[in-house]
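Beneath this line is the structure, given in structure tokens, with notes to follow.
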Amino acid sequence: MRLGAAQMFIADSLAVNEAAILRLAAEAAGRGVELLAFPEMGLTGYNPATLGRPGFKEELEGALVRITRRAVDLGVGLIVGRAEFADERLFNTASVFLPDGSVHTYRKIYLTDAEARYFTPGTGHLVFNYKGAKFGVIICRDQNYPELARQIAAEGARALFILSAHYYQPGEARWKLPKNRALPIARAVENHCYVLLANAVGSHIGMVSLGNSLIADPEGGLVVMADEASETLLTCDLPGDSQRS
């Protein structure tokens, strides 16, 4: 099975982000990708003015319907980061849209201090089945807590997707690069599973994210890594059972 991570720019426009997701999904399908992850909050972005705009919730629902349909039409599972409005609360959420029309949801547990002013933390992890294999999803700062990845791996996940948007002031973005590269690799080797990090790139909400999306293999080897500025797709092939040692 071919897995993918999309590195993309996040705009303040829901329509622009949706168009990028649909375009990258089609490109990934053409490359044989069967399960593709996008960055944290990639569909909606973080801008409070955008999230609080009248009619935004209805626009979001329409976008989710179209993404669900695209996953079915392309035959590709899509893991999309977005804001979720539920019971008067706001969540930093990853929605997993599978080709059979089913949708799985994960809500970020470990919020940053800035996020905690707006978002409610999630309370449970996610492991889902797809094409005979199990997969897990976490979001950005969740990677700092090895017990979460360990719990997902213990349930049989072959690969862990990390949706990120590493937005910092430019200086901080630069010095945090080694840490944000090292943690996904550590989670891979600790749990002997593939880890795919899909990060944002470019400027948003007055800060910058320096990309460096990556895929690490179960030995902790760096399979591939993106640059700091480009929208791109990273892929790897998940070995079948007969290929595993």
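The values are calculated or read from the model by the stated rules, or taken from the named source; none is laboratory data. Not measured: the values here are computed from a predicted model. Methodologically, a virtual Cβ is constructed for each residue, glycine included, from the backbone with ideal geometry; neighbour enumeration extends over all protein chains shown. To get the accessible areas, we keep the full protein, side chains included, count just its heavy atoms, and leave off ligands, DNA and RNA. Shrake-Rupley method; radii C 1.70, N 1.55, O 1.52, S 1.80 Å.
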Over the chain, with neighbouring protein chains present, the accessible area per residue in Å² at probe 1.4 Å is 41
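When only the heavy atoms of the protein chains count and the probe is 1.4 Å, how do His204, His104 rank by accessible area, highest first? Don't jump to the answer; show the numbers that get you there.
Values: His204 10, His104 55 Å².
Ranking His204, His104 by accessible area, largest first, yields His104, His204.
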Solvent-accessible ranking of His192, His166, largest area first, probe 1.4 Å: His192, His166
On the full set of protein chains, 1.4 Å probe, figure out the accessible area of Lys108 and give it in Å² to the nearest 10. 0
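Dividing the alpha-carbon Rg of segment 148-245 by 2.2 N^0.38 Å yields what? Write down the numbers at each step before the final one.
Working: Rg = 14.3 Å, N = 98, 2.2 N^0.38 = 12.6 Å.
Normalised Rg, Cα atoms only: 1.14.
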Segment 7-72: Rg to Rh, with Rh as the Kirkwood radius over Cα pairs: 0.99
Percent of accessible area on the chain owned by carbon and sulfur, 1.4 Å probe? 52
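Can you give me the Rg/Rh ratio for the chain, using Cα atoms for both radii and the Kirkwood formula for Rh?
Working: Rg = 16.4 Å, Rh = 17.6 Å.
Result for the chain is an Rg/Rh of 0.93.
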Which of rounded, prolate, oblate describes segment 61-199, given a ≥ b ≥ c as roots of the alpha-carbon gyration tensor eigenvalues and a/c under 1.5 marking rounded, otherwise prolate only if a/b is larger than b/c? oblate
Ranked by accessible surface with a 1.4 Å probe, highest first, in what order do Ser209, Ser102 come? Ser102, Ser209
Determine the percent antiparallel among the DSSP beta bridges restricted to the chain, to the nearest 5. 65
How far is it, in nm, from the label point at Tyr145 to the one at Lys57 when both lie 7 Å from their Cα along the line to the Cβ? 2.7
Work through the residues other than Ile10 whose Cβ is under 12 Å from its Cβ and net out their charges, Lys, Arg +1 and Asp, Glu -1. -3
